[in-house]
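In what follows, a single structure is set out as structure tokens and then discussed.
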Amino acid sequence: MLGVGIRAYRDLSQPEAWAYWKDLYFSPSLTSSVTTIADLDGSGRRVSALVVRGRIGAAAASWFRDRLDEAHLGAGDTVLLSSLGGNLGQALIMGEVIRSRGLATAVGVVDGSGAIAPSHCASACVLVYAGGKTRFGVEGSVLGVHRFVSTAPEPDPVAETQRTTGIVLSYMTRMGVASSVVEAMSATSAIRWLTAKEAAAMNLITDPARTR
């Protein structure tokens, strides 16, 4: 038991490990709620929605998978996102989970009347959004992109940036998003807010939301 305790202490003494455990068990960086909304395709049917807000932390993917399981979302249901980004690797996994379950994505929040209000999704959040089988564009909501850089010390930061760009490009291609979105990311270190027309041209938005 003492040996196990020592190993656990050593594991948790690493900053990355502590960040993961804190985000998963003690203070998740994301919050969520479950609701039902009118399907954004305009059909009039009701679908379940998981409304996710906040920063994408070190354990966001595991946290997100648990919330989806609890909400019993199925193919055709929606994940509503409102986030300025966070952990790139976790965002990629979240997007893969969304796609594997056949879920739709949209950027927005649910207001007091139960209607969808516009919001924002930037940086790593855009990767989560890209996982949607259908990616609805809510009027007034915005998607923001910028260059991804490593925060860890690297012997060759240029090579690391190129590797990250390659990973993002491969992911976006598999999700059916045009490579021009990665070009837009690579062009700026500050967030560039895409217009709805630009996001649609990149196939980042696949369908306009029909909320009325």
ASP156 paired with ASP69, simple spin-label distance in nm, labels 7 Å along Cα-to-beta-carbon: 4.0
Square roots of 5 times each gyration tensor eigenvalue, C-alpha, the range 108-212, largest first, Å: 28, 15, 11
Tilt relative to the chain, helix 2-12 - C-alpha long axis, 0 to 90 degrees, to 10: 50
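Given a Förster radius of 25 Å and the C-beta distance between ALA190 and ALA115 as r, what FRET efficiency does 1/(1 + (r/R0)^6) yield to the nearest 0.05? Display every interim value, and only then the final one.
Details: r = 32 Å, r/R0 = 1.27.
My answer for the efficiency is 0.20.
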In degrees, nearest ten, helix 88-100 long axis to first principal axis of the chain (Cα): 50
Label selected from [x] 8, 30, 32, 17, 6, 5, 2, 0; [y] 8, 34, 34, 16, 6, 1, 0; [z] 8, 29, 31, 22, 9, 1, the criterion being P(r) over Cα pairs in 10 Å bins from 0, in percent as computed here: [y]
Residues whose placed amide H lies under 5 Å from that of LEU30, excluding near-sequence neighbours: GLY57
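Grab the other residues whose beta carbon is less than 12 angstrom from that of LEU169, score K and R as +1, D and E as -1, and report the net.
On the way: positive: ARG163, ARG174; negative: GLU183.
In short, +1.
The numbers here are math on the coordinates, done by the rules we state, and not lab data. Computed from a prediction, not measured in an experiment: that's the story for all the values here. Cβ atoms come from the backbone with ideal geometry, glycine included; neighbour counts cover every protein chain shown.
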